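Quick one: this structure, given as structure tokens, is what I'll be asking you about.
FYI, it's all coordinate maths here, none of it is from the lab. Because the structure is predicted, anything quoted here is derived from the model rather than measured. Glycine gets a Cβ as well: all are built from the backbone with ideal geometry, and neighbour counts include every protein chain shown.
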Amino acid sequence: MAIYSPPLPKSVGRELQQPDAARLEFDDIQHFLIHRSPALAARYEFLTFRKPAAGRAWLKAMIEKVTTAAAVRSGQLDTRWVTVALSWNGMRALGLDDQSLSSFPEEFRQGMATRAEVLGMAGASHPEHWRGGLASTDLHAIVILFARDVPERERCRVEHEKFLSECHGIEVLSSLDLEAIPPFDYAHEHFGYRDRLSQPAIEGTGDEPMPGSGPAIKAGEFVLGYPDEEGPTANGPKPEILSRNGSYLAYLMMEEHVGAFRDFLRQHGDTQDEQELVAAKLMGRWRSGAPLVLTPEKDDPKLAGDYQRTNDFDFGKMDPHGYACPLGSHIRRMNPRDTAANMNRRKMIRRGGTYGPPLPEGAPEDGRERGIAAFVGCASLVRQFEFAMNVWTNDPNFHELGNERDPICGTQDGTFDMTIPKRPIRKKIKRLPAFTTIRGGAYFFLPGIKALRYLASLT
Amino acid sequence: MAATLVETPSTRIEKTRDWTKPAAMAIPKEGYFSLKNGRYGPLYPRTPACHGFTIIAKIKPGREETIRAYGKTIETAISDMPDALATLKLHYLRWVLFDIGKDTYFMYQGIFDTDFDKYTEDAVALFKKVGVNTVFENLEGFPEDWKTNVPAFVKFVREHQRPSFLEYGEYPYETADEIKKALQLKAKFSEMLDLMQ
């Protein structure tokens, strides 16, 4: 998951005619989930408000810096894109009243650290080991800065640092710098897998779904206040201004153990080709991004980057037994396509990037931390994000597998397996090691602009 | 939560599971051996009789015939769409009405292979499709806004769930999928024998 992103989709400005209730108020929606910014660097700052008035003053000033979806859609050439989101404790620290606070969904009120058991975050991934104050109730806000390049990020960092020093009552709990890793020709993460191949298109934004991805998803699945896949929505946070144009974000900082991953490939493959196949079986796509369902025997990098073809497959009809793409592989869990019910109620939007230095091919593990720091955006954390973590990622009995978890991002402790269906007899890798560890996480509310103004003006 | 299974009578039996050996399991009053939270509350263990629920709720006065009429409605719905409830990995559902004094109660019992909590929203969506949760509207205390409020629906189900204190399986822990595979194999084998005549 590198930060590099393609420019805006050509479809912007060609959005479908929407009935009024479904017409997105782009000038009141933060750009973050609606449009990806073409950034090569980023910085996340996690803040605590020591004084409510300082928090409100900071927020009031920051609203002017926040990038709206309308701004991105206008085609203006920006060099940095700012997003502001708040935790439940953060809204309390700003002075939001108890009635409003209790109108937020229970899982959001509890926060990610409290929900760790539901999310399967145990062992080394347990919140007691998290860093940067993320598991603390002092975590109040996050500023997400995406920048065109590193110098621009540094300029913004210094500017924000200066502003914070004038706020008297706001502290930075921790921060994280992110940079895309080479080669820059397409987005990929530290293991080398191509990323961003499967993202839902939101109805009303003009984005067209890739062939094989099904129709565009109703905006209410991602943005509060709009009809979702089941119709009009209700029970949003109160007052009303908070339940319009906002979303929920689940933040995850996931370390990738690149040395352990490469050792594993060498252990299970004698030749380079065999190792690539093992890597592909774990993911469900070759590292180039080419899907195993369409090209099970050998890699096809050309297919990988062809957006007309790279998502144009299903599992149930094309690979029911998992001979091409194992039933427990990452993509089969994260997007079961035609093998799960109500898929349109489980879609999420991913944003984020890679942190830490890349480990050069052939180099031994250097002990330096590297990984992915990403956000999942949705309208319901319990229905979308928590379901994906609880069932798709960490349920050992997913697809009746019995003793498996997601080989890439599931909580692994050396007691779970990975089955690779193969004729005549399947191959079973026993005691899969952990290739990733959760180093931190949090739930945030990503308010609309008017909602941010409301929160900044509390007394 | 440890990543490995917590050692309980349920996991101990399951680890050494043998379908030829019938098994019974006594369950504590709470319905679970150790508290393990799912998205909507405590998770209940898989027993020799698989996962299941027993929901018992008082019906609104005068609704008995309305509820009975749903029997036919759902029979027709499943006949038209036999795989409508596939997601739930069900073995059996049982609907029962019974009286206590002047009140009538509805008991809804299901035996299935997935943890209900994991697929709650899917279950609610399926129930809507075949009309199961409209029958719930005839029960006292059922949330009126269930169509847009899944958590309220789930709360109602959990509040009316009565956990078993004993469950028994003649062929313990076998899933409906495994049983169907075995029957399929038997059918294919008979067919093969026919072809060899």
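Amide H neighbours of B:Cys50 under 5 Å, counting only residues 5+ apart in sequence or on other chains, H built in-plane at 1.01 Å?
Amide H to amide H, under 5 Å and 5 or more residues apart or across chains, B:Cys50 pairs with B:Tyr173.
Another one. Calculate the FRET efficiency for B:Lys129 and A:Asp185 from the Cβ-Cβ distance with a Förster distance of 45 Å, rounded to the nearest 0.05.
Values: r = 46 Å, r/R0 = 1.02.
Here the calculated transfer efficiency is 0.50.
With a length cut of 27 Å (Cα positions projected on each helix's long axis) and a Kyte-Doolittle mean of at least -1.0, go through chain B and give me the DSSP H helices that pass.
On the way: long enough: B:176-195 (28 Å, -0.21).
TM-like helix candidates: B:176-195.
For region A:38-188, treating each Cα as an identical point scatterer without solvent, what Debye log10 I(q)/I(0) comes out at q = 0.13, 0.15 1/Å?
Here the Debye-derived log intensity ratios amount to -0.72, -0.93.
Given a Förster distance of 35 Å, report the FRET efficiency between B:Thr148 and B:Tyr171 from their Cβ-Cβ distance, rounded to the nearest 0.05. Walk me through the intermediate numbers first.
Details: r = 41 Å, r/R0 = 1.18.
My answer for the efficiency is 0.25.
Mind giving me the nanometre distance, one decimal, between the label points for A:Lys162 and B:Leu195, set 7 Å out from Cα along Cα→Cβ?
Output for this residue pair reads 8.0 nm.
Using 0.36 nm per residue, how much length does the chain from A:Asn397 to A:Asn235 gain when fully extended, once their Cα-Cα distance is taken away?
In short, 55.0 nm is gained.
Relative to the present Cα-Cα distance, how much length would full extension add between A:Arg131 and A:Gln99 at 0.36 nm per residue of separation? Let's see the in-between values first.
Numbers: separation 32, 0.36 × 32 = 11.52 nm, distance 3.15 nm.
Between A:Arg131 and A:Gln99, full extension yields an extra 8.4 nm.
Now for a different question. Label A:Glu64 and A:Glu106 with points 7 Å out from Cα along Cα→Cβ: what is the distance between them in nm?
Going by the 7 Å Cα→Cβ label model, 4.3 nm.
If amide H atoms are built 1.01 Å from N in the plane of the peptide, which residues on other chains or at least 5 residues away come under 5 Å of the amide H of A:Ala85?
A:Ile142, A:Ile144
Please work out the Cα convex hull volume for the protein assembly as shown and give it in Å³ per residue. Mind dumping the intermediate values first?
Working: hull volume 120.8 nm³, N = 656.
Each residue corresponds to 184 Å³ of Cα convex hull volume.
Which GluC sites (Glu not before Pro) does region A:347-432 hold that lie in a coil by DSSP with at most 12 other beta carbons within 10 Å?
Details: sites: A:Glu361, A:Glu365, A:Glu369, A:Glu386, A:Glu400, A:Glu404; in loops: A:Glu361, A:Glu365, A:Glu369.
Hits after loop and neighbour filter: A:Glu361.
So which trypsin sites (Lys or Arg not before Pro) in region B:143-197 pass both tests, a DSSP loop state and at most 13 other Cβ atoms within 10 Å of the Cβ? Intermediate results must be reported in sequence, preceding the final value.
Details: sites: B:Lys147, B:Lys155, B:Arg158, B:Lys180, B:Lys181, B:Lys186, B:Lys188; in loops: B:Lys147.
Answer by residue number: there is no such site.
In nm, give the distance between the simple-model label positions of B:Glu137 and B:Arg162, each being 7 Å from the Cα along the Cα-to-Cβ direction.
So the label points at B:Glu137 and B:Arg162 sit 2.7 nm apart.
Can you list which of the chymotrypsin sites (Phe, Trp or Tyr not before Pro) found in region B:37-117 are DSSP loop residues with at most 16 other C-beta atoms within 10 Å?
Details: sites: B:Tyr40, B:Phe53, B:Tyr70, B:Tyr92, B:Trp95, B:Phe98, B:Tyr105, B:Phe106, B:Tyr108, B:Phe112, B:Phe116; in loops: B:Tyr40.
For chymotrypsin sites (Phe, Trp or Tyr not before Pro) across region B:37-117 that sit outside H, G, I, E and B with at most 16 neighbouring Cβ atoms in 10 Å, the list is empty.
Would you mind ranking A:Ile372, B:Ile100 by Cβ crowding within 10 Å, fewest neighbours first?
On the way: A:Ile372 24, B:Ile100 8.
The most exposed by this proxy come first: B:Ile100, A:Ile372.
What list do you get for B:Ile179, A:Ile144 if you sort them by fewest beta carbons within 10 Å?
Values: B:Ile179 13, A:Ile144 24.
In increasing order of surrounding Cβ atoms, one gets B:Ile179, A:Ile144.
Starting from the Cα gyration tensor of region A:249-398, take the square roots of the eigenvalues, sort them a ≥ b ≥ c, and report rounded, prolate or oblate (rounded when a/c is under 1.5, otherwise prolate if a/b is larger than b/c, else oblate). Kindly include the intermediate steps, with their values, before the conclusion.
On the way: a/c = 1.76, a/b = 1.14, b/c = 1.55.
Oblate is the answer for region A:249-398, as a/c is 1.5 or above yet b/c matches or exceeds a/b.
If R0 is 22 Å, what FRET efficiency do you get for A:Ser174 and B:Asn37 from their C-beta distance, rounded to 0.05?
Working: r = 28 Å, r/R0 = 1.26.
Once rounded, the FRET efficiency stands at 0.20.
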